[in-house]
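A.B. asks: The structure's right below; bear with me while I get my questions together.
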């Protein structure tokens with residue numbers, strides 16, 4: 001029974017070590033994509049008017 005608790009504790013500790021958020025380069029890429037989408041959307045609105 002104690003072995004199962006130890007395994008559970010070990011797993012929890014390993015999971016805590018994982019990063020919760022992506023690296024900075026991922027955020028930079030997302031931001032660039034959002035800017036592209038905003039530009040595309042702005043162009044469509046200009047064409048409608």
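The values are calculated or read from the model by the stated rules, or taken from the named source; none is laboratory data. These numbers come from a predicted model, not from an experiment. Please note: Cβ atoms are built from the backbone with ideal geometry, for glycine as well, and neighbour counts cover all protein chains shown.
A.B. asks: Assess whether residue 7 counts as being part of a helix (DSSP H, G or I), at pLDDT 70 or above and under 19 Å from the mean Cα position of the chain (by Cα).
C.D. replies: No.
A.B. asks: Looking at 18, 47 in this structure, which one is at pLDDT 80 or above and surrounded by fewer than 10 Cβ atoms within 10 Å (Cβ to Cβ)?
C.D. replies: Answer to the check: 18.
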